[in-house]
1. Is it the case that segment 108-126 has a residue that's among the aliphatic types (A, V, I, L, M), without any contact (Cβ under 8 Å) to a residue 60 or more places away in the chain and within 24 Å of residue 35 (Cβ to Cβ)?
2. Could you check, for segment 66-80, whether at least one of its residues is over 15 Å from the mean Cα position of the chain (by Cα) and either surrounded by fewer than 16 Cβ atoms within 10 Å (Cβ to Cβ) or of a type in the set (Val, Ile, Thr) (or both)?
3. Specify the residue that is farthest from residue 102 (Cα to Cα); the eligible residues are those in segment 35-58 that are modelled with pLDDT under 90 and open to solvent by less than 80 Å² (accessible area, probe 1.4 Å).
4. What single numbered condition from (1) surrounded by 16 or more Cβ atoms within 10 Å (Cβ to Cβ); (2) at pLDDT below 95; (3) closer than 23 Å to residue 61 by Cβ fails to hold for residue 130?
5. Touching a helix residue (DSSP H, G or I) at 6+ places or on another chain (Cβ under 6 Å), assigned to a helix (DSSP H, G or I) and of a type in the set (Ser, Thr, Tyr): which single residue out of 38, 91 fits that description?
6. Please determine, by comparing only the residues of segment 83-92 that are farther than 14 Å from residue 147 by Cα and crowded, with 16+ Cβ neighbours inside 10 Å, which one is nearest to the chain's Cα centre (by Cα).
7. Of the numbered conditions (1) in contact with a Leu (Cβ under 8 Å, 6 or more places away or on another chain); (2) assigned to a helix (DSSP H, G or I), residue 32 fails exactly one; give the number of that condition.
8. Given (1) hydrophobic (A, V, I, L, M, F, W, C); (2) within 22 Å of residue 25 (Cβ to Cβ); (3) open to solvent by less than 40 Å² (accessible area, probe 1.4 Å), identify the lone condition not met by residue 125.
Amino acid sequence: MHAVLRARGLSAIAGGVLRIADSFTATSLSATTLEVLYFVTDVFLLAGIFGLWWQRRAALGIAGMVGLTVFVLGILTIRVSALGVLGTGGYRMGAAVALLGLAIYASETLLRRNAAPWAPVLWLLSLAAGIVGATGVLPEAMTAVAGVLFGAGFVAAGIESLTPAPRMGA
């Protein structure tokens, strides 16, 4: 079981690092390479979010569960759009849904104070950067910033999940 618990944190970190890298590779890699990179990134993000859910499941309220579910639906929307089912807007819609889900989860986590604030704050900052970019203010730069913050949130969540919790009475 310890290996599974460790894998969840490593998956979140790997997904976060790949998402950060994805922010800078869109114009430098072939379309086929990007498709594979994005698929692998999403697999690690989903494994990481499952691990986050598993670790926090007892402490999650309804908003946290809804947020994580919405995140998964967003990632699945991105994957479906990669198949050409949703047209050109599918990726943006999926990314927005995924980020909205993380924002819901992050807000509840911060309000309940049941985890370190780093990942939730990074995810909320990612949402803010995405909104600024969507309004037309430096859209490419803000999209990259949002991606980096999003990935950094997963790295932070992964590191936190690998860090042993303090023992009661110690």
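1. Among the residues of segment 108-126, not one is among the aliphatic types (A, V, I, L, M), without any contact (Cβ under 8 Å) to a residue 60 or more places away in the chain and within 24 Å of residue 35 (Cβ to Cβ), which makes the answer no.
2. First, the residues of segment 66-80 that are over 15 Å from the mean Cα position of the chain (by Cα): 80.
From the residues that got through so far, the ones that are either surrounded by fewer than 16 Cβ atoms within 10 Å (Cβ to Cβ) or of a type in the set (Val, Ile, Thr) (or both) too are 80.
Yes, that holds for at least one residue.
3. So the residue we want is 55.
4. Of (1) surrounded by 16 or more Cβ atoms within 10 Å (Cβ to Cβ); (2) at pLDDT below 95; (3) closer than 23 Å to residue 61 by Cβ, only one is false for residue 130: (3).
5. Values: 38 fails: touching a helix residue (DSSP H, G or I) at 6+ places or on another chain (Cβ under 6 Å).
Going through 38, 91 in turn, just one is touching a helix residue (DSSP H, G or I) at 6+ places or on another chain (Cβ under 6 Å), assigned to a helix (DSSP H, G or I) and of a type in the set (Ser, Thr, Tyr): 91.
6. Filtering segment 83-92 for residues farther than 14 Å from residue 147 by Cα gives 83-90.
Subset that is crowded, with 16+ Cβ neighbours inside 10 Å: 86, 90.
Details: 86: 21, 90: 17 Å.
For segment 83-92, the residue satisfying everything is 90.
7. Residue 32 satisfies every listed condition except (1).
8. (3)
The values are calculated or read from the model by the stated rules, or taken from the named source; none is laboratory data. The shown structure was predicted, so the numbers you read here are calculated from the model rather than taken from an experiment. Positions of Cβ are generated from backbone atoms using ideal geometry, with glycine treated the same way; all protein chains shown enter the neighbour counts. Side chains included, ligands, DNA and RNA excluded: accessible areas come from the protein's heavy atoms. Shrake-Rupley method; radii C 1.70, N 1.55, O 1.52, S 1.80 Å.
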